[in-house]
1. Which percent, to the nearest 5, of DSSP beta bridges fully inside the chain are antiparallel?
2. Using protein chains only and a probe of 1.4 angstrom, how many square angstrom of Arg272 are accessible, to the nearest 10?
3. About the Cα centre of the chain, what is the dipole size in debye to 20, counting +1 per Lys and Arg Cβ and -1 per Asp and Glu Cβ, all else neutral?
4. For the chain, set up a GNM with springs between Cα atoms under 10 Å and report which of Pro58, Pro154, Pro90 has the largest fluctuation.
5. How many angstrom separate the Cα center of the range 87-104 from the Cα center of the range 210-272?
6. Two decimals is fine: what is log10 I(q)/I(0) at q = 0.13, 0.16 Å⁻¹ for the range 176-224, from a Debye sum with one equal scatterer on every Cα and no solvent?
7. Please give the solvent-accessible surface of Met35 in Å², to the nearest 10, using a probe radius of 1.4 Å with every protein chain present.
8. Under 1.5 on a/c is rounded, so check that first for the range 140-272, then, if it is not, pick prolate when a/b is larger than b/c and oblate when it is not; a ≥ b ≥ c are the square roots of the alpha carbon gyration tensor eigenvalues.
Amino acid sequence: MIIRAAAHYTLRPGSGEEAVVPGMELLPKPMARRMIAPVRRTMACALAALAEAGIERPDAICYGTGLGCLADTREFLLEIERNAGSLLAPTSFMRSTHNTVAGLIALALKAQGPNLTFSQGFTSFHAALLAALMHLERRPGDRVLVGASDEHLPLLDHLFDALHGAAHVPAGARPAEGAAFFVLGGADGPVKGRVVDVRMGPADRVPVRDDAPVWTGALVPAAANGASYVHRTGLHHSAPAVAMALALADAGPGVQLMDREGEQHGLIHVAR
């Protein structure tokens, strides 16, 4: 499946690095003023991918997130505590849901096609990508916006340290924020690369090929013919999406991304 455009960013709190977020100038100003910073960055990234593909609105949106809108969820919980059982405004709840980002993208673009959100830990983006591919099998002329994002809170650093990291997480890797969005499908336009294969399931049903290097995520041991991508993406549930964008930007012909959530393994084979 053809990838028409890609946009991504990574923010590593406390590192001193400044995140370069594409598309900030594309945000509708009245909407941007009502968003918190992580949501603005994610929205800008999605709009940048669409602008690169040269389309105003996608025919469908498939979005993945591991933990959803963390900062807005925290604010919603604090509001419950402050109100001590009295009635709450619905806005705080609506901003705290996992599908908030996909809904805001649709509102900003007036997109009325299918809009799906997937939350499956480190395989959230894999599920969104599979949904996009199935949509394009039925409607090959459509263009689908597919992506993933996850936020960072200091609480994640505390939990990561308290749990002494996790198995197979590369030394020095820290929780971070990141997002990546892609435009797939369509009969014409720019070509960024292609999705060769996407799989999810038990390890024995997610085989890797010998003809392309393997990049592994946070919970997967580094492969013999590859390395971990976590140092480049930061540690967050949407890192596989950022890794796919990095693979398209690299000079190599193709990469296989391996990830795991519990007993569920995920494979994305992408080629330039």
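The values are calculated or read from the model by the stated rules, or taken from the named source; none is laboratory data. All of these numbers come straight from a predicted model, not from anything done at the bench. Note that each Cβ is placed from the backbone with ideal geometry, even for glycine, and that neighbours are counted across all protein chains shown. Quick note on the areas: whole protein, heavy atoms, side chains included, nothing else; ligands and nucleic acids left out. Shrake-Rupley method; radii C 1.70, N 1.55, O 1.52, S 1.80 Å.
1. Roughly 65 percent of the beta bridges in the chain run antiparallel, per DSSP.
2. Here the residue's solvent-accessible area equals roughly 130 Å².
3. In debye, rounded to 20, the chain gives about 580.
4. The residue with the greatest mean-square fluctuation here is Pro90.
5. 31
6. Debye intensities relative to I(0), on a log10 scale: -0.52, -0.76.
7. Number for this one is 20 Å².
8. Here the range 140-272 falls in the prolate category.
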